[in-house]
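Accompanying notes for the structure given below.
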């Protein structure tokens, strides 16, 4: 299992893929390429604090479909309600 740590911006809207379990996806744009990211852990919080074009750092692993499964993330300049 290969873990990666990446930094970049959220280049798409954050979309809900599934409600049971709660699963969201977004596209992470780095300086070299784009990554399809899926978040299950703490996905509600990501929907609240992140928005399109936000800076984000992610740590996760790839699944069989070459999607990045995000285990941990940090949104820079998060939206605070």
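The values are calculated or read from the model by the stated rules, or taken from the named source; none is laboratory data. Remember, it's a predicted structure, so these values are computed and weren't measured experimentally. With ideal geometry, Cβ positions are generated from the backbone for all residues, glycine too; neighbour counts draw on all protein chains shown.
Here are some residues: 75, 70. Which one is in contact with a helix residue (DSSP H, G or I) (Cβ under 9 Å, 6 or more places away or on another chain), modelled with pLDDT of 95 or more and surrounded by 14 or more Cβ atoms within 10 Å (Cβ to Cβ)? Talk me through it step by step, then tell me what you get.
On the way: 75 fails: modelled with pLDDT of 95 or more.
Just a single option satisfies the conditions, and that option is 70.
Here the strands (runs of 3 or more DSSP E) wholly within the stretch 1-77 that include at least 1 residues being more than 12 Å from the chain's Cα centre (by Cα) are 3-10, 15-19, 22-29, 55-62. Out of 43, 57, one residue alone is within 26 Å of residue 2 (Cβ to Cβ), surrounded by 12 or more Cβ atoms within 10 Å (Cβ to Cβ), in contact with a strand residue (DSSP E or B) (Cβ under 8 Å, 6 or more places away or on another chain) and modelled with pLDDT of 95 or more. It is 57.
Residue pairs whose Cβ atoms lie under 6 Å apart, sitting 6 or more positions apart in sequence or on different chains, and linking a residue in the stretch 32-43 that is under 11 Å from residue 62 (Cβ atoms) to a partner that is assigned to a strand (DSSP E or B), are 35/28; 35/68; 37/26; 37/28; 37/68; 37/70; 38/25; 38/69.
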